[in-house]
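A.B. asks: One structure, as structure tokens, below. Some questions next.
Computed from the coordinates by the stated procedures, all read-outs in this text should not be read as laboratory data. This one's a predicted model, so the numbers in the text were calculated from it and none came from an experiment.
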Amino acid sequence: MSWLAGTLNTTYFQAMEFHISNLHQNDLADAASVWERGWHEAHSAIVPIELVRSRTSESFIHRLRSNLKFVRVYIENGHVLGLCMIKEDELYQMYTAPQARGTGLAQVLMTDAEQRLMKAGYSLGWLSCAVGNDRAARFYDKSGWKNVGLRTVEFEALSGVFPFQVWRYEKSLS
């Protein structure tokens, strides 16, 4: 991601209107890079090492390719700076590049995902937040999502499937 370091003007971001679009094949690697970096920044210190090891560049590309029609992105100067993926009634993944944080992009991606969930007919959306991912939890709280408690989910890792505790957030979409 060094190709973007220091190239963006935060004031410009705050004054602009973000155009969110569908992810296309030619932007897969770039989107995967944003997701991979954000995921490791947020999770490497708080999830089991088996899960960290299973989250390789190839795994992020594969997961994006498998869910292409459910992923929306923001692209600036030919580079993906944010992405959001839904999965049925779940806001499944959402990440922004470090240089786009604090610009309002995450809120725009969140709103886009909520609108897509409503359009798909869901009146209640949900998402999982790893226990300890406090920055994300604060953002969800600020965005009107309600932490409804701990849940155990199963994650796939190189060594198999294992249970992991997350905070479940929900939001009425009607």
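A.B. asks: Give me, ordered by chain and number, the residues 5 or more places off F155 or on other chains with an amide H under 5 Å from its own placed amide H.
C.D. replies: When sequence neighbours closer than 5 places are left aside, the close amide H contacts are F162, F164.
A.B. asks: Eight or more residues apart or on different chains, and alpha-carbon atoms under 18 Å: count the Lys pairs in the chain matching that. Intermediate results must be reported in sequence, preceding the final value.
C.D. replies: Numbers: K69/K87; K69/K119; K87/K119; K87/K171; K119/K171; K142/K171; K146/K171.
Step by step, the pairs that qualify in the chain add up to 7.
A.B. asks: Another question, then. List the residues, sorted by chain then number, that are 5 or more residues from A97 or on another chain and whose placed amide H is less than 5 Å from its amide H.
C.D. replies: G82
A.B. asks: Can you grab the distance from the C-alpha centre of region 29-50 to the C-alpha centre of region 106-174, Å, no decimals?
C.D. replies: If you average the Cα positions of each part, the centres end up 16 Å apart.
A.B. asks: Further question: Report ³J(HN,Hα) in whole Hz for each residue of region 98-107, in order, from the Karplus equation J = 6.51 cos²θ - 1.76 cosθ + 1.60 where θ = phi - 60°; Gly and Pro get x.
C.D. replies: Whole-Hz 3J(HN,Hα) from phi for region 98-107: x, 6, 9, 6, x, 9, x, 4, 4, 5.
A.B. asks: With Rg and Dmax of the Cα atoms in Å as the read-out, I listed [x] 15.7, 46; [y] 25.4, 90; [z] 15.3, 43; which label goes with the value calculated from this structure?
C.D. replies: Answer by label: [x].
A.B. asks: Rounded to whole Hz and in sequence order, give me ³J(HN,Hα) for region 65-70 from the Karplus expression 6.51 cos²θ - 1.76 cosθ + 1.60, θ = phi - 60°, writing x for Gly and Pro.
C.D. replies: Rounded to whole hertz, the list is 4, 5, 10, 3, 6, 10.
A.B. asks: What are the ³J(HN,Hα) values, in whole Hz, obtained from phi via the Karplus relation 6.51 cos²θ - 1.76 cosθ + 1.60 with θ = phi - 60°, for each residue of region 114-120 in sequence order, with x given for Gly and Pro?
C.D. replies: The phi angles translate into 4, 5, 5, 5, 4, 4, 7 Hz.
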